Amino acid sequence: MRRSSTAGAAGTTAAVGTTAAHGTADTPDTAGPPVTSPTAAVRTGSGTPRPDVAVVGGGVIGLVTAWRAAQRGLRTTVVDPEPGGGAARVAAGMLAAVTELHYGEEALLALNLASSARYPGFAAELEDASGQEIGYRPCGTLAVALDADDRAHLRELHALQRRCGLDSQWLTGRECRRLEPMLSPSVRGGLRVDGDHQADPRRLATALLLACEHAGVTFRRASAVRLSVTGAGAEGPGAAGPVTGRAGARAARARTAGARTAGARAAGVVLDDGTAVEAGQTVLATGSWASRMAGVPRELLPPVRPVKGQVLRLRMPPASGPHGPFLSRTVRAIVRGGHLYLVPRANGELVIGATSEEMGWDTTVTAGGVYELLRDAHELTPGVTELPLTETSAGLRPASPDNAPLLGPTALADLHLATGHHRNGVLLTPVTGDAMGELLAGGELPEPVRPFTPGRFEGAAAPATARALSLSE
């Protein structure tokens, strides 16, 4: 199994010595044609005003969207059986705009940098609104390599960072060990990135949950099983000329999507108990599960797939001890071509991750995943095997075809997406909340987010989603 730089999405968490439990329910595999009216089995809730916005999904992305919408005076409801869970229960929380840069993702870099720059103000505002610290630490990051091949690869990444105008400093192995004495003597070199920081996703989720409650957001602790669609959507693909080649097929799919959504709008969701939550606007913020929401026209299903990541949590000795802190900053490493990270929290927790596995919606913690992480962590920092192992977990990153999020309106009126954040969900929380709040209140998507609307996949969403789902089964 390959390792990746972050873990995300809802999954399984287990304290060592206990049995893990799944935290997310499955949703229907496919979506049918638009629903033009509630069925006889659907009950409409009564006694409360209809919300302006229904946010489906109570992870950090859904919660920050709801919080920002409520701050703008919109009546907002979050639909989730366990709000505050999801990715926050597994993710490491690296705010790594520089060290997360990958080839071909230069466009995403601008969004990551914009969100990273907002974090200090965002953290202060959220902590004030919630009374809860989010574990934001401007501690910097050290990325290292353990052999000659890994060193060459890290050198290439450094060159890419410099071409993009990013601030990173090359260090020798000795200089790396001077910064972090617990590193192995086999470290061959590294990059010091003082602008890549961290936050604690679990504390972040708790703070967002409290801030939402203080802002008047209401919660429906249930699962949404179907999108409600009203209006006169066409039943067929509409008039079309001959379909020739890939471009013709894409155009035909786009015409089909337009015909199916003409005159229709999203009107909320139906819950697993048959109750309808009606809303003026609906936001799907359910990670990779958004691709399985029934009622969404097939052509508009977001092409996101789950990528499994296994993560370990250990307990470090007190930083005030005779040897000082085990680690003082986030340490990332390339180990025989694989990626590893160690994220030290101020409270003594050490997060180690993460595997990267195309295993569908499976969130099983495996002996092999735990072994690989501990083996490579020991090679990087030999003292890690002396630390108590307190928790193992596995989660699902929502990955899009270009590894960037899908943010904003769809071709179906009043239906918006906030999903596909993949490795960068915690990092992109501030900019996502600002963008979605502005969109929901005023109908305009701010400039930094415009390249990442769902429209970039229009006409190709259906086959892309089908391929993603086939890989995930």
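Brief remarks follow.
- Some residue of segment 365-377 being farther than 21 Å from ALA97 by Cβ and not in a helix (DSSP H, G or I): yes
- So GLU133, is it assigned to a loop (DSSP other than H, G, I, E, B) and either on the phi < 0 side of the Ramachandran plot or open to solvent by 20 Å² or more (accessible area, probe 1.4 Å) (or both): yes
- Subset of segment 172-212 (residues that are of a type in the set (D, E, K, R) and surrounded by 23 or more Cβ atoms within 10 Å (Cβ to Cβ)): ASP196, ASP200
- Selection over segment 78-99 of residues that are among the β-branched types (Val, Ile, Thr) and open to solvent by less than 10 Å² (accessible area, probe 1.4 Å) gives a count of 3.
- Test: residue in segment 237-259 that is modelled with pLDDT of 90 or more and either in contact with a Lys or Arg (Cβ under 6 Å, 6 or more places away or on another chain) or assigned to a strand (DSSP E or B) (or both): no
Let's see how each residue does on (1) of a type outside the set (A, V, I, L, M, F, W, C); (2) in contact with a His (Cβ under 8 Å, 6 or more places away or on another chain); (3) at positive phi; (4) buried (at least 23 other Cβ atoms within 10 Å of the Cβ):
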position	(1), (2), (3), (4)
PRO325	yes, no, no, no
SER328	yes, no, no, no
VAL335	no, no, no, no
GLY338	yes, no, no, no
VAL343	no, no, no, yes
GLU358	yes, no, no, no
THR364	yes, no, no, no
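- Criterion applied to THR385, THR390, THR432 was being of a type in the set (Ser, Thr, Tyr), in a strand (DSSP E or B) and either under 30 Å from ARG137 (Cα atoms) or at pLDDT 95 or above (or both), and the one residue passing it is THR390.
- Failed condition for ASN347, given (1) in a loop (DSSP other than H, G, I, E, B); (2) surrounded by 21 or more Cβ atoms within 10 Å (Cβ to Cβ): (2)
The values are calculated or read from the model by the stated rules, or taken from the named source; none is laboratory data. All values reported here derive from a predicted model rather than from experimental measurement. Positions of Cβ are generated from backbone atoms using ideal geometry, with glycine treated the same way; all protein chains shown enter the neighbour counts. Each accessible area value is taken on the protein alone, full model and side chains, heavy atoms only, with ligands, DNA and RNA left out. Shrake-Rupley method; radii C 1.70, N 1.55, O 1.52, S 1.80 Å.
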